[in-house]
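Remarks on the structure that follows.
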C-alpha cells in the first residue's frame with residue numbers, strides 16, 4: 001500500500017524532516033531567500049541535496065497555508081508519513097533500559113496542544129507518546145508547526161485503543177499515573193521509580209471513567225485557587241520537566 005503524501009510548513013518542521021534519514025521528502029517549496037537562510041544555518045549538512053526544489057513567492061506559499069492560518073516562514077515540504085512506531089518492538093529493542101517513560105493522551109484533539117506536548121516530551125527525554133490512531137491529526141500542518149520539528153525526534157505510538165494498550169503495559173511492569181484535577185495526590189510527592197505511563201485526558205472533560213479505572217494512581221498539579229486548571233500542554237510540560245530533573249539527579 002502506497003502512503004499518501006501531505007504538506008508540512010515552518011522552518012523547524014521542514015528542517016528536521018530534511019535531517020531525518022527515515023523521512024521521505026518528495027519536494028520543498030521555498031523562496032530564494034529562505035533557501036539561502038536554510039543553507040547558511042545548516043552549513044555542511046547539504047539538506048537540499050537530492051531533494052526536489054520548487055521555487056515559490058511568499059504569496060504562493062501563503063495560499064498553500066491559507067486554511068491553516070500558520071506562518072510558513074518561507075518553507076513548505078511535501079512528505080510521506082513515517083513508518084509507524086510499535087510499542088512491542090520498542091520494548092524488545094530497549095529491554096536493557098532501566099526505566100522507560102511514556103505519555104498517553106486520550107481525547108486531546110487540538111493539533112496545537114498535541115504538537116506542544118510532543119515538543120515538550122522530546123525536550124525532556126520522554127521515550128514516546130501514545131495516541132489514539134483514529135483521532136490523531138497526523139497530517140496536520142498545525143500539529144507539525146506546534147511540534148517545531150520534534151515529530152522527527154520522538155516515538156509516536158498510534159494505537160487503536162488506549163485501555164487495551166494500558167493493560168498490555170501494566171503486564172510489562174509499567175505503572176499508570178493518570179492526571180486528574182480532582183485528585184488529592186500531589187504528583188511532586190509521588191515515587192517515580194520504574195517504568196511509567198503518564199496519562200492525560202481531554203482538554204474539556206479530562207480522563208474517561210475506564211482510563212481512570214485502569215490507572216494505578218491519580219495525581220494532580222497543585223495550583224492556586226484562583227485558577228480552575230492548566231492547559232493540557234502546560235501541565236504535561238511541568239510533569240515532563242519534573243521527571244527529567246529526577247532522572248538527572250539519579251544519574252549523578
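The values are calculated or read from the model by the stated rules, or taken from the named source; none is laboratory data. This is a predicted model, so every value here is computed, not measured. Neighbour counts run over all protein chains shown; Cβ positions are idealised from the backbone, glycine included.
Data table
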quantity: Filtered residues of region 197-215 (kept if touching a residue at least 60 places away in the same chain (Cβ under 8 Å), outside any strand (DSSP E or B) and within 12 Å of residue 180 (Cβ to Cβ)); calculated: 201, 205, 207, 208, 211
quantity: Residue that is modelled with the lowest pLDDT, among those in region 125-135 that are more than 23 Å from residue 247 (Cβ to Cβ) and in contact with a strand residue (DSSP E or B) (Cβ under 6 Å, 6 or more places away or on another chain); calculated: 133
quantity: Residues (under 17 Å from residue 99 (Cβ atoms) and within 21 Å of the chain's Cα centre (by Cα)) located in region 176-198; calculated: 176, 177, 195, 196, 197, 198
quantity: Conditions (1) crowded, with 18+ Cβ neighbours inside 10 Å; (2) more than 30 Å from residue 7 (Cα to Cα); number of the one not met by residue 201; calculated: (2)
quantity: Test result for residue 209, more than 21 Å from the chain's Cα centre (by Cα) and farther than 26 Å from residue 110 by Cα; calculated: no
quantity: Region 19-47, residues that are within 27 Å of residue 3 (Cα to Cα) and at pLDDT below 90; calculated: 46
quantity: Residue check for residue 95: within 25 Å of the chain's Cα centre (by Cα), without any contact (Cβ under 8 Å) to a residue 60 or more places away in the chain and closer than 28 Å to residue 160 by Cβ; calculated: yes
quantity: Selection within region 1-47 - in contact with a strand residue (DSSP E or B) (Cβ under 9 Å, 6 or more places away or on another chain), surrounded by fewer than 16 Cβ atoms within 10 Å (Cβ to Cβ), free of Cβ contacts under 8 Å to residues at least 60 places away in the same chain and assigned to a loop (DSSP other than H, G, I, E, B); calculated: 24
quantity: Test for residue 218: is it surrounded by fewer than 21 Cβ atoms within 10 Å (Cβ to Cβ), in contact with a strand residue (DSSP E or B) (Cβ under 9 Å, 6 or more places away or on another chain) and in a strand (DSSP E or B); calculated: yes
quantity: Checking residue 54 against (1) under 20 Å from residue 82 (Cβ atoms); (2) modelled with pLDDT of 95 or more; (3) touching a strand residue (DSSP E or B) at 6+ places or on another chain (Cβ under 9 Å); (4) not in a helix (DSSP H, G or I), the condition it does not meet; calculated: (1)
quantity: Hey, residue 74 more than 30 Å from residue 246 (Cβ to Cβ), surrounded by fewer than 19 Cβ atoms within 10 Å (Cβ to Cβ), outside the structural domain of residue 168 (by TED's automatic domain parsing) and in contact with a strand residue (DSSP E or B) (Cβ under 8 Å, 6 or more places away or on another chain) or not; calculated: no
quantity: Residue 122 in the same structural domain as residue 169 (by TED's automatic domain parsing) and under 19 Å from residue 243 (Cβ atoms); calculated: yes
quantity: Matching residues, region 216-252, being under 18 Å from residue 196 (Cα atoms) and free of Cβ contacts under 8 Å to residues at least 40 places away in the same chain; calculated: 238, 245, 248, 249, 250, 251
